[in-house]
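Since the structure comes first, as structure tokens, the remarks are kept for the end.
The values are calculated or read from the model by the stated rules, or taken from the named source; none is laboratory data. Everything numeric here is computed off the predicted structure, so don't read it as measured data. When we count neighbours, we look across all protein chains shown, and the Cβ atoms used for this are built from the backbone with ideal geometry, even at glycine.
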Amino acid sequence: MPTLMLLGNCVAQRLEGLLMASAGPQASGAAARGEGHGWRVLRATPVHQAATGPDPGGALAALAAQAEACDLVFSQPLFNYGPCNTEALAPRLGDRLRLVAAPNFEAYFPDVLAIGPPREPERVARPFDWHSRILVLCKAAGTPPEEAAALYPAHPLFRERAVAHALTRTWETYARREQGLHVGTLDVARQWYAREPLFYTWNHPAERLMAVMLDGILRELGTAEARRAALLSRVGWTGGPPGAAPPDGPQPPLDAGAGKGEGSTGAGAPEAGAPAWSFGFNRWPIITRHHRLFAFPGRENFRVAGVEVDLASMALAWYNWYDLHPQTFRAALAAATRRAEGR
């Protein structure tokens, strides 16, 4: 049976799991009998984990060697991972290398501040995986947590004019990131972004875009339309053709029960008991604000594991964390200041 692997970060890891789930019980030969997609999927360490381990050079070289041994490699575009970089792998893999999207949607999450690898050992876990531009600047200004919580929902970053500018930048960046891909998501994102929340975090796509990418990979594998539909159903996609145009007229959001707790029963919403490799990224915070540009009720404030979190508590948690990690706070403040000044 030919082998393939997914190279990249969290999205590639999710696609790997979905491909494994869609392959069926390979040990019994079901894939070879046509019940799956007919490929053996090799597990691969996400590149960001390899790059931050005890031997990053060796780990990344091992990943690149694993890729060279495969019959087909699907990779997100990679630029900062040495031998795993797309530019390094492309001449060695030739047409065995297929590029898949690494979607990113800033406009949903204008407050997100990504500052790269940790600046110092983390003494305690972060409140969540990225930093808040607003809370970083509030702490630097000496704003008490309760006042930061009152300022947060009305911050200019969330006003319609600012979000409209962020949306323009988002589409420009999105289009650049999807040039030359074998499996892209831009057209579907343009069709659906205002009708349902396409991202759970700024770089973790939700059900529809994951379905589009899985369907695109199955197309690259030569899987027929009926078989693709069956395999998508096997891994939990029940929302119709993943790339279909949205219906005419106003539609309810995908997660109509958002804000009622994890496991809400809105159309297409992930279930609390969904398998680990379902399309849902159920336990990530949502910090999308409500706009006329895209209105997703229940997603106006922080939600962790599907439950809204008190903003004052979130601000206090970050303030305390920064007190324990002063180097990281300085890096976050420098990044937030550059963003505020448009640099």
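Mind checking whether some residue in segment 137-152 is hydroxyl-bearing (Ser, Thr, Tyr) and touching a strand residue (DSSP E or B) at 6+ places or on another chain (Cβ under 9 Å)?
Our first condition is that a residue be hydroxyl-bearing (Ser, Thr, Tyr); within segment 137-152, this holds for 143, 152.
Keeping just the survivors that are touching a strand residue (DSSP E or B) at 6+ places or on another chain (Cβ under 9 Å) gives 152.
Yes, there is a match, as at least one residue in segment 137-152 is hydroxyl-bearing (Ser, Thr, Tyr) and touching a strand residue (DSSP E or B) at 6+ places or on another chain (Cβ under 9 Å).
Taking (1) crowded, with 21+ Cβ neighbours inside 10 Å; (2) part of a helix (DSSP H, G or I) in turn, PRO153 satisfies each apart from (1). Out of curiosity, is PRO144 farther than 30 Å from GLU87 by Cα and surrounded by fewer than 22 Cβ atoms within 10 Å (Cβ to Cβ)? Considered against the rule, which asks whether it is farther than 30 Å from GLU87 by Cα and surrounded by fewer than 22 Cβ atoms within 10 Å (Cβ to Cβ), PRO144 comes out as yes.
Taking VAL112 as the residue in question, decide whether it is modelled with pLDDT of 90 or more and touching a strand residue (DSSP E or B) at 6+ places or on another chain (Cβ under 8 Å). Give the derivation first.
Working: modelled with pLDDT of 90 or more: no; touching a strand residue (DSSP E or B) at 6+ places or on another chain (Cβ under 8 Å): yes.
In short, no.
Inspect all residues belonging to segment 16-33 and state whether any of them is modelled with pLDDT of 95 or more, charged (D, E, K, R) and over 17 Å from the mean Cα position of the chain (by Cα). No: zero hits.
Scanning for something on the phi > 0 side of the Ramachandran plot and not aromatic (Phe, Trp, Tyr), does segment 62-84 turn up at least one residue? I'd like the intermediate steps shown before the answer.
Going residue by residue through segment 62-84, those that are on the phi > 0 side of the Ramachandran plot are 82.
Those still in the list that are not aromatic (Phe, Trp, Tyr) too: 82.
Within segment 62-84 (the criterion being on the phi > 0 side of the Ramachandran plot and not aromatic (Phe, Trp, Tyr)), the answer is yes, since at least one residue qualifies.
Restricting the search to segment 184-199, which residues are over 19 Å from ARG292 (Cα atoms) and under 13 Å from the mean Cα position of the chain (by Cα)? Residue satisfying the conditions is THR185 alone.
Quick check, is GLY239 in contact with a Gly (Cβ under 6 Å, 6 or more places away or on another chain) and surrounded by fewer than 18 Cβ atoms within 10 Å (Cβ to Cβ)? Answer is yes for this residue.
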